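Okay, structure first, notes after.
The values are calculated or read from the model by the stated rules, or taken from the named source; none is laboratory data. Keep in mind it's a predicted model, so treat the numbers as computed, not measured. In this analysis, Cβ positions are derived from the backbone assuming ideal geometry, glycine residues included, and neighbour counts consider all displayed protein chains.
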Amino acid sequence: MKRLLFIALFIHHSLLAIHAQDIPPVTEQQLENLADADQAETEDDSYLQQLEYFKKQPINLNTADASELKELRILTDLQADNLIAYRRLFGNFISIYELQAVPSWDAGTIRKLLPFVTIALPFSAKENFQKRIRGGDHSLLLRVSQVLERSAGFDKAASGTKYLGSPQRVFFRYRYTYKNLLQFGIVGDKDAGEQFFKGAQSIGFDFYSFHLFVRKAGIIRSLAIGDFTVNMGQGLVQWQSLAFKKSAEVMGIKRQSPVLRPYNSAGEFNFHRGAGITISKGKFESTVFASVRKVSANLTADTLSQEEYITSLLTSGYNRTANEVADRNRLRQTIFGGTINYTAGRFHIGLNGIYYGFSLPVQKRDEPYNLYAINGDKWYNLSTDYSYTYKNLHFFGEAAIDKGYHKAFVNGVLVSVDPRIDVSLLHRSISKKYQAINANTFSENTYPSNESGLYAGIAIRPANGWRFDMYGDMYKFPWLKYLVDAPSYGKDFLVQLTYASSKQVEIYTRYRNENKQGNQADNSTVMNYLVSLPRQNWRTQISYRIHPAVTIRNRYEMIWYDKNGNNSENGFLTFFDFAYRPLLKPYSGVLRLQYFETDGYNSRLYAYENDVLYSYSIPVFYDKGYRYYLTVNYDWDQKISFWLRWAQTIYRGKDVIGSGLDEINSNKRSEVKVQIRVIL
């Protein structure tokens with residue numbers, strides 16, 4: 001009886017915790033870190049779509065294989081392998097409580113998994129084509145947003161370059177899904193400033209995307225037609241899905257994803273357009289894919305040779321001005337690739353390859369840091385990746401070469417030292433000459449090139465509710481980088497202490513110290529020189545459920561940039577959240593009040609914000625000001641849902657904000673967003 005009572009209380013507490021927040025706090029931190037590294041918000045909402053889908057169609061842990069468990073992006077490979085081994089040894093699970101007996105699993109992991117998994121008796125029903133086509137759900141989503149203040153780009157009375165279209169951003173998505181077996185749909189997206197049903201966009205949206213994706217059809221593991229992403233190995237050759245790097249989730253250093261994934265997000269660059277298929281037979285799994293699509297690029301003509309070449313690819317997806325429209329679809333990419341994987345028990349090895357052909361040769365600007373950049377009208381990469389689980393050790397890695405036979409290596413290990421202690425190690429050695437398109441591995445650089453480093457992390461759970469995470473990363477760059485005019489090095493350390501009690505309280509405090517080299521700003525000497533640019537960051541966040549329907553959250557954060565140097569800047573941010581989500585009610589809402597103050601852009605701060613369904617905001621904050629937002633949701637019935645979001649930033653002591661065509665003659669920036677979803 002006590003056992004059943006514990007299970008009930010455990011599940012109840014966990015479901016409340018997830019209902020109070022759309023994603024775990026550590027995932028919010030990972031998204032904030034990603035926005036900081038890229039200095040832009042990702043438009044890939046596939047992760048949020050996955051979480052929402054698995055809430056409605058949870059994975060059965062009695063039948064799930066390693067590939068399905070990877071879809072959750074919550075478990076490490078060590079945990080997934082241990083789950084399958086435990087199930088193979090002891091048979092099907094009887095209750096969620098039994099998961100705590102799986103080696104390397106802990107209450108925190110189980111709590112995060114609960115909304116997305118179930119434990120049920122294995123059930124086999126014939127999923128014929130007719131059932132897949134007729135038995136699923138149709139959904140239609142429409143989202144419209146606009147910044148209310150008029151920026152310089154929309155001022156038609158002034159001279160010079162202007163935005164050609166209206167200030168509204170419009171996004172729509174139709175999608176059909178049947179379990180996790182069949183999915184197809186279409187996406188349309190118009191950015192603010194782009195034309196709509198006129199001019200360059202006479203057919204409506206600036207960007208359209210279509211996908212058809214089939215899983216588990218006989219020996220066909222997956223089939224992709226239209227737009228899809230490809231993920232190989234550890235990302236040295238190709239990785240297009242959302243992927244995180246350093247964070248307090250110290251065991252999340254390994255890339256995990258099926259090779260093929262459907263693409264139906266708003267981003268206009270990081271995907272393939274064509275067809276791909278994965279076939280599985282016994283211990284072997286093979287994937288082949290082909291893609292032909294046009295991408296935007298800067299084109300330059302050589303007046304001497306009368307030849308044209310591409311100096312850079314444009315990834316923003318913006319086609320707002322005449323110049324941006326002129327650069328649209330200037331380059332045709334033809335891409336072929338594939339993988340062969342062999343898996344036997346806990347051992348895996350794979351061979352990966354990809355080839356790019358360009359309609360025009362690529363030639364980067366003649367700058368020292370571009371000495372080893374991709375050039376010519378074709379490129380290719382090859383690699384082999386592996387993983388092996390031995391008892392409480394999980395080894396993984398990848399070795400790759402590019403067209404010039406330049407080498408790159410990533411190797412790591414995950415160790416469950418004790419039921420309360422986990423350790424991660426990762427070493428990378430990537431040649432300064434190595435280049436890959438659409439690659440994304442665990443590295444300090446945005447793209448894997450010109451880097452070597454060693455990362456070590458440890459997670460300790462000393463008592464129920466307590467968790468201590470720490471990592472250290474030391475790296476060096478053998479060649480020059482943008483704004484770094486000499487070989488350089490750096491180091492990064494983080495410690496975080498988290499307390500999550502059964503009384504609906506979660507507190508974490510963290511300190512991060514990062515020190516890397518860069519050019520001295522505003523240098524007046526003949527030759528530039530490098531200086532150390534340390535950045536310390538301290539944050540404390542408290543989340544407390546004061547009522548089953550009410551959660552409050554408070555964050556304090558400070559940053560010190562080059563504290564004792566010539567470039568010294570400080571920053572501070574605090575916010576207060578009030579979330580009202582009553583159980584079994586059709587309405588909910590989140591309100592935030594925030595203050596920030598920094599000395600400049602180098603001391604900028606990021607804060608994850610709750611948004612409408614399948615969307616999130618991670619704005620950057622610098623200078624001084626206030627921000628508040630209100631997001632409300634109302635479910636008319638089980639098929640129709642509405643969202644409304646209002647957000648405003650008010651800057652102190654400023655009459656003009658923004659720059660260029662985005663300059664606003666005001667100290668305020670206000671955005672309204674409306675969304676409706678209909679289940680057909």
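Side notes on the structure shown:
- The residue that is surrounded by the fewest Cβ atoms within 10 Å (Cβ to Cβ), counting only those in segment 150-170 that are of a type in the set (D, E, K, R) and over 30 Å from the mean Cα position of the chain (by Cα), is K156.
- When restricted to residues that are more than 22 Å from the chain's Cα centre (by Cα) and either within 30 Å of K70 (Cβ to Cβ) or of a type in the set (D, E) (or both), segment 185-195 contains 1.
- So K673, is it surrounded by fewer than 16 Cβ atoms within 10 Å (Cβ to Cβ) and either touching a residue at least 12 places away in the same chain (Cβ under 8 Å) or not aliphatic (A, V, I, L, M) (or both): no
- The one condition in (1) out of contact with any helix residue (DSSP H, G or I) (no Cβ under 6 Å at 6 or more places or on another chain); (2) more than 25 Å from L680 (Cα to Cα) that I618 fails to fulfil: (1)
- Among the residues of segment 619-670, those identified as in a loop (DSSP other than H, G, I, E, B), out of contact with any Gly (no Cβ under 7 Å at 6 or more places or on another chain), buried (at least 16 other Cβ atoms within 10 Å of the Cβ) and not polar (S, T, N, Q) are P619, D623, G658.
- Every residue from segment 93-115 that is in contact (Cβ under 8 Å) with a residue 60 or more places away in the chain and in contact with a Leu (Cβ under 6 Å, 6 or more places away or on another chain): S104, I110
- Qualifying residue in segment 188-198 (condition: among the charged types (D, E, K, R) and over 29 Å from L644 (Cβ atoms)): no
- Residues in segment 139-149 that are surrounded by fewer than 19 Cβ atoms within 10 Å (Cβ to Cβ) and closer than 21 Å to S202 by Cα: L142, V144.
- Scanning segment 428-435 for residues that are under 23 Å from the mean Cα position of the chain (by Cα) and not in a strand (DSSP E or B) turns up at least one hit.
- No other residue among R175, R215 is in contact with a strand residue (DSSP E or B) (Cβ under 9 Å, 6 or more places away or on another chain), without any contact (Cβ under 8 Å) to a residue 40 or more places away in the chain and surrounded by 15 or more Cβ atoms within 10 Å (Cβ to Cβ) apart from R215.
- Any hit, segment 173-186, residues being basic (K, R), touching a His at 6+ places or on another chain (Cβ under 8 Å) and modelled with pLDDT of 85 or more: yes
- Test result for Y499, at pLDDT below 95, surrounded by fewer than 18 Cβ atoms within 10 Å (Cβ to Cβ), aromatic (F, W, Y) and under 23 Å from the mean Cα position of the chain (by Cα): no
- Tallying residues that are of a type in the set (G, A, S) and without any contact (Cβ under 8 Å) to a residue 40 or more places away in the chain within segment 333-360 yields 3.
- In segment 593-618, the residue that is surrounded by the most Cβ atoms within 10 Å (Cβ to Cβ) out of those that are out of contact with any Pro (no Cβ under 9 Å at 6 or more places or on another chain), not in a loop (DSSP other than H, G, I, E, B) and not polar (S, T, N, Q) is F596.
- Filtering segment 165-192 to residues that are in contact with a helix residue (DSSP H, G or I) (Cβ under 6 Å, 6 or more places away or on another chain) and more than 25 Å from V117 (Cα to Cα) leaves only P167.
- Failed condition for T574, given (1) touching a residue at least 24 places away in the same chain (Cβ under 8 Å); (2) surrounded by fewer than 19 Cβ atoms within 10 Å (Cβ to Cβ); (3) under 19 Å from N33 (Cα atoms): (1)
- Here R111, R88 are screened, and the one residue that is assigned to a helix (DSSP H, G or I), of a type in the set (K, R) and touching a helix residue (DSSP H, G or I) at 6+ places or on another chain (Cβ under 6 Å) is R111.
- Flag for L223 being part of a strand (DSSP E or B), surrounded by fewer than 21 Cβ atoms within 10 Å (Cβ to Cβ), of a type in the set (A, V, I, L, M) and in contact (Cβ under 8 Å) with a residue 40 or more places away in the chain: yes
- Hits in segment 65-92 - residues which are in contact (Cβ under 8 Å) with a residue 24 or more places away in the chain and more than 21 Å from N392 (Cβ to Cβ): S67, E68, E71, L72, R73, N92
- The residue of segment 502-531 that is modelled with the highest pLDDT, among those that are in a loop (DSSP other than H, G, I, E, B) and within 17 Å of Y482 (Cα to Cα), is Q520.
- Counted residues, segment 309-332 - those being over 23 Å from E41 (Cα atoms) and either surrounded by 19 or more Cβ atoms within 10 Å (Cβ to Cβ) or touching a residue at least 60 places away in the same chain (Cβ under 8 Å) (or both): 5
- In this structure, G457 does satisfy being over 27 Å from V531 (Cβ atoms) and in contact (Cβ under 8 Å) with a residue 60 or more places away in the chain.
- Here the condition is being basic (K, R), out of contact with any Phe, Trp or Tyr (no Cβ under 7 Å at 6 or more places or on another chain) and farther than 18 Å from Y628 by Cα; of R553, R581, it holds for R581 alone.
- Positions within segment 555-567 being without any contact (Cβ under 8 Å) to a residue 40 or more places away in the chain and surrounded by fewer than 14 Cβ atoms within 10 Å (Cβ to Cβ), in sequence order: K563, N564, G565
- Single match in T76, T109 (criterion: within 27 Å of A344 (Cα to Cα), surrounded by 19 or more Cβ atoms within 10 Å (Cβ to Cβ) and either over 26 Å from the mean Cα position of the chain (by Cα) or not hydrophobic (A, V, I, L, M, F, W, C) (or both)): T76
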